[in-house]
Amino acid sequence: MSTDVRFESTRRRLNGQQAETVERLTSAAVEVLRENGPGGLSVRTVASRAGVAPATAYTYFSSKGHLIAEVFWRRLEDHAPEFASDGSTVDRVVGVLRDVALLIADEPELSSAVTAALLGDDPEVSHLRMRIGVDIRRRLVTALGDDYDDDNDDVISALEMVYAGALVRAGMGYGSYSDMADAIESAARLILR
């Protein structure tokens, strides 16, 4: 990972104190979600929980969607993919996709909020959505290893569609995130056959 995500923000580079404030806000957001669900989350509520003035919180996050997308981005950046480097190409790719799909599967309130946030039209969320997509693509290219070349772009795009579609389905309640990880694996194995 090229940068320390604690010092990176959608809006600007952060100094140490600012990074600490953003960390308090993102941690408080997860706490509020666990206690109140997505409907009970607001930037003001999170700011209060974090001991930060609402105006300060809004200097970092334009909306609750932006805040939740940031939580997911930070989790993704802090989480190294878990796959056997000596496994087959298919096993490595499936490992990456399952790993990302299960990243927040055990936190249903956060999972639901992340799905809703990433579908939003907030420009700050759009920026994070791009960063998340680039990171997942990088992980897939790494998993493909020597088997990757420009001809694989269609394959990677198909895998990204499967991943994104499965997470939207989970967010809509058509199955759990764990169920979707299984569905992603099945689809990925078909694509990579």
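The values are calculated or read from the model by the stated rules, or taken from the named source; none is laboratory data. In this text, all values refer to a predicted model and were calculated from it rather than measured experimentally. Here the Cβ positions follow ideal geometry from the backbone for every residue, glycine too, while neighbour counts run over all protein chains shown. Just the protein is used for accessible areas: all its heavy atoms, side chains included, with ligands, DNA and RNA removed. Shrake-Rupley method; radii C 1.70, N 1.55, O 1.52, S 1.80 Å.
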Over the Cα atoms of segment 127-171, what radius of gyration and what Dmax do you get, in Å? 11.3, 34
For the chain, set up a Gaussian network in which alpha carbons nearer than 10 Å are linked by springs, and say which option among GLY171, GLY120, GLY39 fluctuates the most. GLY39
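Mean separation of Cα pairs under 8 Å and 6+ residues apart, divided by the residue count of the chain: what relative contact order is that in percent?
Working: 213 pairs, mean separation 41.4, N = 193.
21 percent.
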Could you tally the net charge around ASP153, taking each other residue with its Cβ under 12 Å from the Cβ of ASP153, Lys/Arg +1 and Asp/Glu -1? -4
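Of all the accessible heavy-atom surface of the chain, with the other protein chains kept in place and a 1.4 Å probe, what percent is carbon and sulfur? Each step should come with its number before you reach the end.
On the way: 4900 of 9550 Å².
It is 51 percent, rounded to a whole number.
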Alpha carbon centroid spacing (whole Å) that separates segment 14-72 from segment 87-156: 24 Å
Under the 7 Å Cα-to-Cβ spin-label approximation, MET172 and ARG49 lie apart by a distance in nanometres of 2.8 nm
By how many degrees, 0 to 90 and rounded to 10, does the Cα axis of helix 177-191 deviate from the longest principal axis of the chain? 30 degrees
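Using a ≥ b ≥ c from the Cα gyration tensor of segment 28-78 (square roots of the eigenvalues), is it rounded, prolate or oblate, where a/c under 1.5 gives rounded and otherwise the larger of a/b and b/c decides, a/b for prolate? Before the final figure, lay out each step's value.
Working: a/c = 1.70, a/b = 1.16, b/c = 1.47.
In terms of gyration-tensor shape, oblate.
For segment 99-140, report the convex hull volume of the alpha-carbon atoms normalised per residue, in Å³, without decimals.
Numbers: hull volume 2.5 nm³, N = 42.
Dividing the Cα hull volume of segment 99-140 by its residues yields 60 Å³.
Averaged per residue, what accessible surface does the chain expose to a 1.4 Å probe, in Å²?
Details: 9550 Å² over 193 residues.
Solvent-accessible surface per residue comes out at 49 Å².
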